[in-house]
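The values are calculated or read from the model by the stated rules, or taken from the named source; none is laboratory data. Everything quoted here is computed from the prediction, not taken from an experiment. Heads up, the Cβs are rebuilt from the backbone with ideal geometry, glycines too, and the neighbour counts pull from every protein chain shown.
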């Protein structure tokens, strides 16, 4: 049996894709229908967006079934690292994706000794760090630009600098610092090893 969600369930998943922080497991058909309904959503018409989504999704599902294609599940990535990890784990539990497919978004295994020190310096004990995501970032920037074009307004810089966005920027800065600390520790270790070998 196919794993395609019904239109209302698909819309519930699609709603999370409009949240830039959220990571959600969706089919390629859901993503295509989201793209079709995004201009209506960005204009503020949520009811119209739902109707546009369901119409596009119904058409895409019909075409997929007619051509014998099975739905392809994937993660639509948001910038919130913790929510990304949870979504990846849920996708594996539900059987929609394999652990191998989402490995990059799962916590790193615990290490011992020096690897543990370096892993801790880099990731704060299994915390996945949010980094910029090019494909999703470009899509969301286009959606934002489209929304501004439709409404004729652009959000002031202060309004776009949400506490969550500031937290993400601070987390990226802390990650860069921890990475440098880990590299410094490696250099010191290499220097000590070199001295011991030459002694």
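Just one of the listed residues (140, 96, 84) is surrounded by 11 or more Cβ atoms within 10 Å (Cβ to Cβ), modelled with pLDDT of 60 or more, on the phi < 0 side of the Ramachandran plot and touching a helix residue (DSSP H, G or I) at 6+ places or on another chain (Cβ under 6 Å), and it is 84. Filtering region 8-17 for residues that are more than 18 Å from residue 55 (Cβ to Cβ) and part of a helix (DSSP H, G or I) leaves a non-empty set.
Taken over region 103-113, the criterion of being surrounded by 12 or more Cβ atoms within 10 Å (Cβ to Cβ) and either within 9 Å of the chain's Cα centre (by Cα) or at pLDDT 80 or above (or both) is satisfied by 105 alone.
This table checks each residue for (1) in a helix (DSSP H, G or I); (2) modelled with pLDDT under 65; (3) touching a strand residue (DSSP E or B) at 6+ places or on another chain (Cβ under 9 Å); (4) under 30 Å from residue 19 (Cβ atoms).
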residue	(1), (2), (3), (4)
155	no, yes, no, yes
158	yes, yes, no, yes
175	yes, no, no, yes
178	yes, no, no, yes
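Consider residue 24 carefully, then state whether it is within 15 Å of the chain's Cα centre (by Cα), buried (at least 19 other Cβ atoms within 10 Å of the Cβ) and under 30 Å from residue 170 (Cα atoms). Yes; evaluated as a whole, the condition is true for this residue. Within region 39-50, none of the residues are crowded, with 18+ Cβ neighbours inside 10 Å, touching a residue at least 40 places away in the same chain (Cβ under 8 Å) and under 21 Å from residue 6 (Cβ atoms).
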